[in-house]
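These notes are about the structure you will find just below.
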Amino acid sequence: MKKHILLLVVYTLAVSFAKAQTPGYKVVFDMSSKDSVNQQAVIRELGLIRQSSPEAQMEVVIYGQGLSLVLKDGSPQQTAVQQLATDKNIAFKVCAITMKRNNVDKSRLLPGVEVVPDGIYEIVSKQQQGWGYIKVAH
């Protein structure tokens, strides 16, 4: 009996350890470009990842010149951003410092876009939590 209990405890610990060693698919995209090719690329990548790995967690952190991606009056990707922002595993987060520097009020952001105090800090925090990092560029 003791042997079975010990075996069960070892098995439970092994399964817990294995789960802890295989983190889910989590990636943060660094979007600081106003280039339409880059903005199309991040939208395309989000869609492709969602198709291949529906449980993947993705976040696009927007700062600097990337701000136009999430503005109501400036984004050719408006429809795609709004659609993707409704996915519980996809977040669009814009830097409050960038918004202040560009005199952009939160009311000009597309629905579903969140504001974070500092975009670079948001990216670094995600990396510290084990998220993968992709700089959107071509």
Legend entry - Pair list, Cβ under 8 Å, 6 or more apart: region 75-100 residue touching a residue at least 12 places away in the same chain (Cβ under 8 Å), other residue in a loop (DSSP other than H, G, I, E, B) and open to solvent by less than 10 Å² (accessible area, probe 1.4 Å): SER75/LEU110; GLN78/LEU110; VAL81/LEU110; GLN82/LEU110; ALA85/LEU110; ASN89/ALA56; PHE92/LEU110
Inset, instruction - Please state which one of ALA85, ALA80, ALA91, ALA56 is of a type in the set (Gly, Ala, Ser) and either open to solvent by less than 10 Å² (accessible area, probe 1.4 Å) or on the phi > 0 side of the Ramachandran plot (or both). - result: ALA56
Legend entry - In region 94-104, residue most open to solvent (accessible area, probe 1.4 Å) [restricted to those that are in a helix (DSSP H, G or I) and out of contact with any Asp or Glu (no Cβ under 9 Å at 6 or more places or on another chain)]: LYS100
Legend entry - Output for region 65-77, where each listed residue is part of a helix (DSSP H, G or I) and either of a type in the set (S, T, N, Q) or open to solvent by 20 Å² or more (accessible area, probe 1.4 Å) (or both): GLN65, SER68
Inset, instruction - Kindly provide the set of residues from region 1-60 that are in a loop (DSSP other than H, G, I, E, B) and either of a type outside the set (Lys, Arg) or at pLDDT below 50 (or both), ordered by number. - result: MET1, THR22, PRO23, GLY24, TYR25, SER32, SER33, ASP35, SER53, PRO54, GLU55, ALA56
Inset, instruction - Restrict the check to region 105-112 and report whether at least one residue is assigned to a helix (DSSP H, G or I), out of contact with any helix residue (DSSP H, G or I) (no Cβ under 8 Å at 6 or more places or on another chain) and modelled with pLDDT of 95 or more. - result: yes
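The values are calculated or read from the model by the stated rules, or taken from the named source; none is laboratory data. This is a predicted model, so every value here is computed, not measured. Here Cβ is always computed from backbone atoms with ideal geometry, including for glycine, and neighbour counts include all displayed protein chains. Just so you know, the surface numbers come from the protein's heavy atoms only, side chains and all, with ligands and any DNA or RNA stripped out. Shrake-Rupley method; radii C 1.70, N 1.55, O 1.52, S 1.80 Å.
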